[in-house]
Amino acid sequence: MRNLDGKEVRYPVLLTPAEKEMARDVCIAFSQAVCGFDLLRSQGRSYVCDVNGWSFVKNSYKYYDDSACVLRKMLLDAKAPHLSSAIPPTLPWKVNELVQPSEPLTRQGSGINGSFGDSEELRCVIAVIRHGDRTPKQKVKLKITEEKLLNLMLKYNGGRPRSETKLKSAVQLQDLLDATRMLVPRTRPDRESDSEAEDVEHAEKLRQVKAVLEEGGHFSGIYRKVQLKPLKWVKVTKGNGEVEEQPVEALMVLKYGGVLTHAGRKQAEELGRYFRNKMYPGEGTGLLRLHSTYRHDLKIYSSDEGRVQMSAAAFAKGLLDLEGQLTPILVSLVSKDYSMLDGLENASSEMKEAKAWLNEIITSNANTVDSNGSPEFPWMVDGAGLPPNASELLANLVKLTKKVTKQVRLLAQDENEKLAERSLYDVIPPYDQATALGKTNIDVDRIAAGLPCGSEGFLLMYARWKKLETDLYNERKERFDITQIPGVYDSCKYDLLHNAHLNLEGLHELFKVAQMLADGVIPNEYGISPKQKLKIGSKIARRLLGKLLIDLRNTREEAITVAELKNNHDHSLSINIEKEDAEAKSKLFHKNDEIDQDDDDDKETKYRLDPKYANVKTPERHVRTRLYFTSESHIHSLMNVLRYCNLEESLQEESLVCRNALERLCKTKELDYMSHIVLRMFENTEVALEDPKRYRIELTYSRGADLSPLEKKGSAATSLHQEHTLPIMGPERLQEIGSYLTLETMEEMIRPFAMPAEDFPPATPAAFSGYFSKSVLDRLVNLWPFHRQASSLGK
């Protein structure tokens, strides 16, 4: 932030005891009583990164006050030493004086659910957000029996025959590519009999694995990963007589694609700006002022997926009005937590059961779905959203998919005439999916040339559609695979948004059919009945729910502490701070200087504003923000727990979600890109501390990207085709206007499905693996001379 003169706005913050020791060491090392220097604060540690000599902040009142104190002490020491120790070292007229703010901060007395008076203060904003627009996710599955591949699995799983392994690093993927190259046959046998069909199919899949691993000519980014899961074992007798198990068959799953597009990055940045302007007091500048004055406690968490991490970084850029590339933002602000925001292992058996039920209903000729609910409460109906003519739609889906694939094949043939005689995987040119990462705008030249958007060529586009066609319906076995329905819908939506200029005939019709099926399949994959949705949702989101309760609890405890200080008329905040610093300083000399790895919300280093010189009206105001970026599965799971938690027999309360919102959610089949659920906690400062109504929870959600422009013509369609970006829908209430949900009720309803606080491990979530590891940073710190001097002083 800059002032009217273009100068950076500076806010005085309190140094930690360790930082004060660094300041002393710098002054001693440079033999100067006044010495300016820069500190870099990162992950709980501080580093001296620049020494500026006599330079200091010219308009700092604190500098002149401190200079006056030093000069006074020098004079007293020389002429009246008996008075030197008797007079306080700080200026007496500054102890209790409050500086008037240059710009006021408005109170947050009302929310989306209605007005609750000027006595309310926003205390906490928690949002769970899905990633932005991405390229279609793709997957190759094949069973492997080749010794080279099985040995590779053992190499990276520690030699354990029954353990699966994941290959993600460049070294691991290069090993896999080397092995695959040796196994892919150089020629293809003619398909003379059905007995050879499976061998031919296996060879084709190996070629596909090889082609995907060779894309781009190098391994970059985090957009390709391979899972190897052992399936069968035999016992082998070694030369020394010992018997050991060895795997003889494993399942290989190669996942690729799913790269955040230029549209996804734009969506995330715009949503971040919306949060900055609408979710906090002060209409936009309020959040930035809170943040720059150390009154905004912000933490951003992300799952392990690259598209999710980059969505989080782009959102942070918009939220905090940052400049520059996303990678530095990602490194400094986003922490990864796979166990909380990724993975479906805990509910795999229940989801498998739900998918089997869906497959039976859709592939049969049944026109109705057994229902345990009532038309009056459509959200309680089993299998809600499944179209009654699902089997007819499925057959039509296969027909239309073949039609689109045929057209893409013709486009690919124009790009390479050899495609007609050879497998498409042999002629895929080098292609780097990670190149889409740095793009913020559409490649206009590619669009004008009639090429697909992004880095995808016609050959790879054909590979994508051909695989969907093949996997959706196995003609040899005459069997449908309904798990491919979301993939077909995904590709339709992507090509309608990004490749409309290719004018693929039948694509729009295919999109409508795929959408009707996907609207029934996707929500029901997370449970057929309301109770099953609740069970699956609580298993997937259990850890996340526990963390949300911890966030709310910590916010309440911090607010109570501040309120008690105000009630006790404690105006000597600076004296308490000095006392805390003295206590912390004594601990510093008796404790090894390491980062405390306990609960990051309770034990983290607290940086605070200096209330005497901050020039803000409410230095005690403090807002906690926790942002959790994840995938579609966790959004569905969290929403299912919120709306069905009252089905737990031990609870006597009504649903957290009002009837009107339940009806809207029932009609909302898709939680699209950038869909999000927001919890805001308000404190009513005029209500007694022990009153449950002191803390109010507001629940809202957004369906994410608005698909309606895909179905419109005219100016909206023209703008869409120019920008390739869908707008994000605004927030919708989950509660009635004027309703009052207390924190106490929220905790009571969610606690049965959340991980208890005591079950959380002590280690903090892993930060993004950036340019320097912790060990490298530690070595750099140990090489720094002033750090060694501080360590010796500490000992």
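The values are calculated or read from the model by the stated rules, or taken from the named source; none is laboratory data. If you're wondering where the values come from, they're calculated on a predicted model, not measured in any experiment. Here the Cβ positions follow ideal geometry from the backbone for every residue, glycine too, while neighbour counts run over all protein chains shown. The protein model used for the area step is the full one, side chains on, heavy atoms only, and it has no ligands, DNA or RNA in it. Shrake-Rupley method; radii C 1.70, N 1.55, O 1.52, S 1.80 Å.
In the range 471-492, the condition of being closer than 27 Å to His262 by Cβ and in contact with a Gly (Cβ under 7 Å, 6 or more places away or on another chain) is met by no residue.
Looking across the range 136-171, just one residue is loosely packed, with under 14 Cβ neighbours inside 10 Å and touching a Phe, Trp or Tyr at 6+ places or on another chain (Cβ under 6 Å), and that is Ala170. Is the range 43-62 home to any residue that is surrounded by fewer than 15 Cβ atoms within 10 Å (Cβ to Cβ), within 38 Å of the chain's Cα centre (by Cα) and of a type in the set (Lys, Arg)? Scanning the range 43-62 turns up no residue that is surrounded by fewer than 15 Cβ atoms within 10 Å (Cβ to Cβ), within 38 Å of the chain's Cα centre (by Cα) and of a type in the set (Lys, Arg). Residue pairs whose Cβ atoms lie under 7 Å apart, sitting 6 or more positions apart in sequence or on different chains, and linking a residue in the range 697-708 that is under 27 Å from Leu743 (Cβ atoms) and open to solvent by 10 Å² or more (accessible area, probe 1.4 Å) to a partner that is polar (S, T, N, Q) and not in a strand (DSSP E or B), are Arg703/Thr668; Arg703/Ser675. Within the range 655-668, residues that are of a type in the set (Val, Ile, Thr) have Cβ atoms under 8 Å from residues that are crowded, with 17+ Cβ neighbours inside 10 Å in these pairs: Val657/Leu642; Val657/Arg643; Val657/Leu665; Val657/Leu699; Val657/Leu734; Val657/Gln735; Thr668/Arg703, counting only partners at least 6 apart in sequence or on another chain.
Do you know which of the residues in the range 624-649 that are within 17 Å of the chain's Cα centre (by Cα) and in a strand (DSSP E or B) is nearest to Lys667 (Cα to Cα)? Among those residues, the one meeting the criterion is Thr630.
Filtered by the rule that a residue be hydrophobic (A, V, I, L, M, F, W, C) and in a helix (DSSP H, G or I), the range 295-324 gives Val308, Met310, Ala312, Ala313, Ala314, Phe315, Ala316, Leu319.
Determine if the range 174-196 includes at least one residue that is closer than 22 Å to Glu456 by Cβ and modelled with pLDDT under 85. Scanning the range 174-196, I find no residue that is closer than 22 Å to Glu456 by Cβ and modelled with pLDDT under 85, so the answer is no.
Taking helices (runs of 4 or more DSSP H) as the structural unit, those lying wholly within the range 435-548 and holding at least 1 residues that are in contact (Cβ under 8 Å) with a residue 40 or more places away in the chain and within 30 Å of Leu651 (Cα to Cα) correspond to 507-524, 530-540. Could you please give the count of residues in the range 226-243 that are closer than 15 Å to Leu154 by Cβ and either among the β-branched types (Val, Ile, Thr) or open to solvent by 90 Å² or more (accessible area, probe 1.4 Å) (or both)? Looking only at that region, the number is 4. Of all the criteria given as (1) out of contact with any helix residue (DSSP H, G or I) (no Cβ under 7 Å at 6 or more places or on another chain); (2) open to solvent by 40 Å² or more (accessible area, probe 1.4 Å); (3) modelled with pLDDT under 50, the one not satisfied by Asp759 is (3).
For Arg10, the conditions (1) in a loop (DSSP other than H, G, I, E, B); (2) touching a strand residue (DSSP E or B) at 6+ places or on another chain (Cβ under 7 Å) are fulfilled apart from (2).
Checked against the criteria, Ser292 counts as out of contact with any helix residue (DSSP H, G or I) (no Cβ under 8 Å at 6 or more places or on another chain) and touching a residue at least 60 places away in the same chain (Cβ under 8 Å). Within the range 16-24, identify whether any single residue is open to solvent by 50 Å² or more (accessible area, probe 1.4 Å) and either under 19 Å from Thr293 (Cβ atoms) or outside any helix (DSSP H, G or I) (or both), and answer yes or no. No: the range 16-24 contains no residue that is open to solvent by 50 Å² or more (accessible area, probe 1.4 Å) and either under 19 Å from Thr293 (Cβ atoms) or outside any helix (DSSP H, G or I) (or both). Checking each residue in the range 262-289 for being surrounded by 20 or more Cβ atoms within 10 Å (Cβ to Cβ) and either without any contact (Cβ under 8 Å) to a residue 24 or more places away in the chain or of a type in the set (Gly, Ala, Ser) (or both) picks out Ala263, Gly264, Ala268, Gly272, Gly286.
Within the range 320-348, can you find the residues that are open to solvent by less than 40 Å² (accessible area, probe 1.4 Å) and in contact with an Asp or Glu (Cβ under 9 Å, 6 or more places away or on another chain)? Correct list: Ser335, Asp337, Leu341, Asp342, Gly343.
Give the range 197-216 a look and list any residue that's closer than 17 Å to Val253 by Cβ and in contact (Cβ under 8 Å) with a residue 60 or more places away in the chain, or say none. Once the filter is applied, which keeps residues that are closer than 17 Å to Val253 by Cβ and in contact (Cβ under 8 Å) with a residue 60 or more places away in the chain, the range 197-216 yields His202, Glu204, Lys205, Leu206, Arg207, Gln208, Val209, Lys210, Ala211, Val212. If you go through the range 25-42 and keep only what is of a type in the set (D, E, K, R) and either more than 25 Å from Lys7 (Cβ to Cβ) or loosely packed, with under 13 Cβ neighbours inside 10 Å (or both), you end up with Asp25, Asp38. Restricting the range 730-746 to residues that are more than 16 Å from Glu663 (Cβ to Cβ) and not hydroxyl-bearing (Ser, Thr, Tyr), the residue that is most open to solvent (accessible area, probe 1.4 Å) is Glu744.
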